[in-house]
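What follows is a short report on a single structure.
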Amino acid sequence: MLKNEYKVTVRWGDTDAAGIVFYPNFYKWMDEATHEFFKTMGFPTTDLFTNKQMSIPLLETHCQFKSPLFFDDEICITTTVEIVKKKVFKATHLFTRGDQQIAEGYELRAWASFENGVKAIEIPEEIKQKMGE
């Protein structure tokens, strides 16, 4: 199974008044990690959209928090595509700080064409195969 690691350093603006990472940032980082996953795989989502009018809109997302993050923490988000169906895939994300698990979440995304509005389409076979490696 193909995995990708995306590293992030928590910035001051990522934290709330208590100095803890504000929870929507985990969703932002999951989104970034998914786009980085496709880039590393050789299919940057910016190219897919610009050249083929394809994108990967979110259908569902979830995150379970286990430990807080603070300013200047360095974290690693390990992304794996766990499920690949005809038009939909599920990317899982594991957040760690060193050996400590911080959070885990997932995104359920569709494969979509933006040529004539937005319409779910089959995931191209070459991409499906690459995701399942």
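Counting neighbouring Cβ atoms within 10 Å and putting the fewest first, the residues Phe95, Phe38 line up as Phe38, Phe95. Within region 20-112, the trypsin sites (Lys or Arg not before Pro) that combine a DSSP coil assignment with at most 15 other C-beta atoms in a 10 angstrom radius are Lys66, Lys85, Lys86, Lys87. From its DSSP helices (H runs of at least four residues, each -39,500 (n - 2.57)), the chain gives a residue-normalised ellipticity at 222 nm of -7500 deg cm²/dmol.
Build a GNM of the chain with springs between Cα atoms under 10 Å apart, and of Val118, Val21, Val88 the one that fluctuates most is Val118.
If only the Cβ of Lys and Arg carry +1 and only the Cβ of Asp and Glu carry -1, the dipole of the chain around its Cα centre is close to 420 debye. Over the chain, the alpha carbon radius of gyration divided by the compact-protein estimate 2.2 N^0.38 Å works out to 1.10. Among Trp12, Trp111, Trp29, the residue with the largest mean-square fluctuation in a Gaussian network model of the chain, with springs joining Cα atoms closer than 10 Å, is Trp12.
Across region 3-131, the mean sequence separation of Cα contacts (distance under 8 Å, 6 or more residues apart), normalised by length, yields a relative contact order of 28 percent.
We did not get these values from a lab; they are worked out from the coordinates using the rules stated. Note that this is a predicted model, so its numbers are computed, not measured. Because the Cβ atoms are built from the backbone with ideal geometry, glycine has one as well, and the counts that use them run over all protein chains shown.
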